[in-house]
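Encoded as structure tokens, the structure appears first; notes follow it.
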Amino acid sequence: MSPSAVETHNLTRRFGAVTAVDALTLRIEQGEVFGLLGPNGSGKTTTIRMLCGLLEPSQGSALVAGIDVAVAPEQVKQRIGYMAQKVGLYEDLTVGENLDFYAGIYGFRRATARLAEVVAFLELAERLGQLAGQLSGGWKQRLALACALIHRPALLFLDEPTAGVDPAARRRFWHTIHDLAHAGTTVLVTTHYMDEAEQCARLAMMSRGHLIALGTPAEVAAQVGGRTLEDAFVILQERDER
Amino acid sequence: MMPRFWPMFRKEFIQMRRDHLTFAMMIGIPVIQLLVFGYAIQTDVRNLPTVVLDESRTPESRDIIQAFQNTGNFRIVAHVDGRPAVDRAIARGEAQAAIVVPYEYPRDLVRGRTATLQIIVDASDPLASQSAIAAAVAVAHARDLLILTRAAGRANLPLEARVRPRYNPGLRSPNYIVPGLVGVILTMTMVLITAMAIVRERERGTLEQLIVTPITKTELMLGKITPYVGVGLLQMTAVLILGRFVFDVPLTGNILLLYGVTLIFIIASLAFGLFVSTLVRTQQQAMQASFGFMLPNILLSGFMFPRQAMPEVAQWLGLMVPLTYFLKVVRGILLKGVGLEALWREVLILAGFAVVLIVASVRRFHKTLD
Ligand SMILES: Nc1ncnc2c1ncn2[C@@H]1O[C@H](COP(=O)(O)OP(=O)(O)OP(=O)(O)O)[C@@H](O)[C@H]1O
Ligand SMILES: [Mg+2]
């Protein structure tokens, strides 16, 4: 049996008196599209940041690609791609320069075959000379994903990648995500859109830092009597906050 | 060896060229400083515009007027007739000084009475008037001595103090100010630019994206600051060239040594900028911190006020700012033409600053978000 892509045990993060993530225990299998849902402030971003080695856990542990993040965060960073909730592109660089930069940081020479592959995969060829700051939301998202993909990461962490993007662009983006998953990449994605949640193989719902539901979209919906995922989301959250 | 340094360097270089704020700071700060202190340079009192009222019109009167002119403090702009014209010229600001040679002047000289001259000075600018007054008194004294010596039948003066201002014979303040300006400009721009460059990445969210890559702390920091080393060296070159051709400041010593020491100073300043970036959250805080660092540097280093004239506490505090040592080195090299044999202590201390600041900023900089 191959090891899980992500395995957390009692993962906890506190900011002063606030417990942003509270004893989170979950397992994400390889090649799975795993959705992380939850209202604002429920700890999704904090969870992803800990899995990426950007924040140290206050308690508990997390294995990412079999590596303990607290022990060897730099090794984890070799194997993951990350799209932050606030897209961190260099807006004063062109699309091509952003890609060149990340290719260089990941140890590729400029203008390698890999770069051409990523450009083709995300259909960025015609926009290489455009400043990243002048791209529309959907294209910014694609460029950010391209930058996160250059080094062929085994795991991809996407924090609200489609926030503020129009429906057509969102659909295209999800096609890309499924393509990646078929090719074996594990994808952890957060979202507030239920239609996107439906497309995940499995879901975790968070509220106030802890897990309130876990399973396939159908299993989660069944927990509240087989209604829609959106109903489940609202009902489970209200129960938790009571 | 640091494979990710070059992409970082290249990126930073492109951004530096495109970012208007950074570019404005790089060009603007030196220009403003040169203007501000160029103005200070103007207070170097030379050539006070002067009107002359020569009532006697004799060889003696012309001789003494020439003596005044020779001091360099008085530049004769007009000859006028009558006292009212003198007062008018000064009141209107056409002249800041007037030399009045009365009708009786040559006669009194010959007869051995006290011959009087009147020097009128517009004292609203104390600095300008003081040195004009001193010059006037000195001219009269010199004349007195000459006449007395002759009267005593001696061929030469009984006593003379030969004051030789070394290294800056013209006592010109540009020579003192401009080399110092190199240090002030570097301190200000290097600290500010690096602190801003990191904080900007944090504010824009690109730092989060960057530290999730396998780039090492060292590669990130070095790639970030190295382009600015070039900026610093260019700034110094520009100030020195301007100083040489606009303000006539000599470049006496070993220029290679100067560049070497400046490099150390630049590295120390950049490292401090990195350190500042780990302490602040916003670009505005970075700016405030950099200016907060500037102030003691300018005030205590001896850039504006001579350190010897400071209270002892201020002198002690001055020993803690790097600019103090850099000023000694720049002035030493440029004005005195001395080398390492005289300056090694300062150079060592500067290197010490650089090492300590680098260690401190590397320690404080983390590849995490908290
Ligand atoms: N750096 C920080 N310092 C202090 N508190 C923080 C920090 N980061 C997050 N928090 C707090 O932790 C909690 C969880 O935040 P987090 O950003 O993980 O939520 P989220 O689920 O991603 O929310 P959203 O849907 O709005 O993105 C919130 O209460 C937030 O205020
Ligand atoms: Mg979030």
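The values are calculated or read from the model by the stated rules, or taken from the named source; none is laboratory data. Please read all numbers here as calculations on a predicted model, not as lab measurements. Methodologically, a virtual Cβ is constructed for each residue, glycine included, from the backbone with ideal geometry; neighbour enumeration extends over all protein chains shown. SASA here: full protein model, heavy atoms, side chains in, ligands and nucleic acids out. Shrake-Rupley method; radii C 1.70, N 1.55, O 1.52, S 1.80 Å.
Of note:
- Residue within the stretch A:2-10 that is within 16 Å of ligand 2 (Cβ to nearest atom) and either assigned to a strand (DSSP E or B) or closer than 17 Å to A:Leu156 by Cβ (or both) present: no
- Selection from the stretch B:1-28 of residues that are within 7 Å of another protein chain (Cβ to nearest Cβ), among the charged types (D, E, K, R) and open to solvent by less than 60 Å² (accessible area, probe 1.4 Å): B:Arg4, B:Lys11, B:Asp19
- Residue tally, condition free of Cβ contacts under 8 Å to residues at least 40 places away in the same chain and at the interface with chain B (Cβ under 8 Å from one of its Cβ atoms), over the stretch A:57-87: 4
- Scanning the stretch A:9-44 for residues that are within 14 Å of ligand 1 (Cβ to nearest atom), open to solvent by 70 Å² or more (accessible area, probe 1.4 Å) and farther than 22 Å from A:Ile235 by Cβ turns up A:Arg14, A:Phe15, A:Gly16, A:Ala17, A:Val18.
- Residue among B:Leu348, B:Leu319, B:Leu295, B:Leu327 that is surrounded by 16 or more Cβ atoms within 10 Å (Cβ to Cβ), more than 14 Å from every other protein chain (Cβ to nearest Cβ) and modelled with pLDDT of 85 or more: B:Leu327
- Residue within the stretch A:45-56 that is outside any strand (DSSP E or B), surrounded by fewer than 24 Cβ atoms within 10 Å (Cβ to Cβ) and more than 16 Å from ligand 2 (Cβ to nearest atom) present: yes
- Matching residues in the stretch B:196-226 - criterion: being within 21 Å of A:Leu149 (Cα to Cα) and more than 9 Å from chain A (Cβ to nearest Cβ): B:Leu220
- Within the stretch A:40-56, residues that are at negative phi sit with their Cβ atoms under 9 Å from residues that are within 6 Å of ligand 1 (Cβ to nearest atom) and assigned to a helix (DSSP H, G or I), at 6+ positions apart or across chains, in these pairs: A:Leu55/A:Thr46.
- Checking A:Val18 against (1) more than 14 Å from chain B (Cβ to nearest Cβ); (2) more than 15 Å from the chain's Cα centre (by Cα); (3) within 16 Å of ligand 2 (Cβ to nearest atom), the condition it does not meet: (1)
- Looking only at the stretch A:214-228, and only at residues there that are under 29 Å from A:Ala154 (Cβ atoms) and surrounded by fewer than 22 Cβ atoms within 10 Å (Cβ to Cβ), the one that is farthest from ligand 1 (Cβ to nearest atom): A:Ala218
- Looking across the stretch A:184-202, the residues that are in a helix (DSSP H, G or I) and either within 16 Å of ligand 2 (Cβ to nearest atom) or surrounded by 15 or more Cβ atoms within 10 Å (Cβ to Cβ) (or both) come down to A:Met194, A:Glu196, A:Ala197, A:Glu198.
- Candidate set: the stretch A:154-183, residues that are farther than 20 Å from A:Leu124 by Cα and in a helix (DSSP H, G or I); chosen: the one farthest from ligand 1 (Cβ to nearest atom): A:His182
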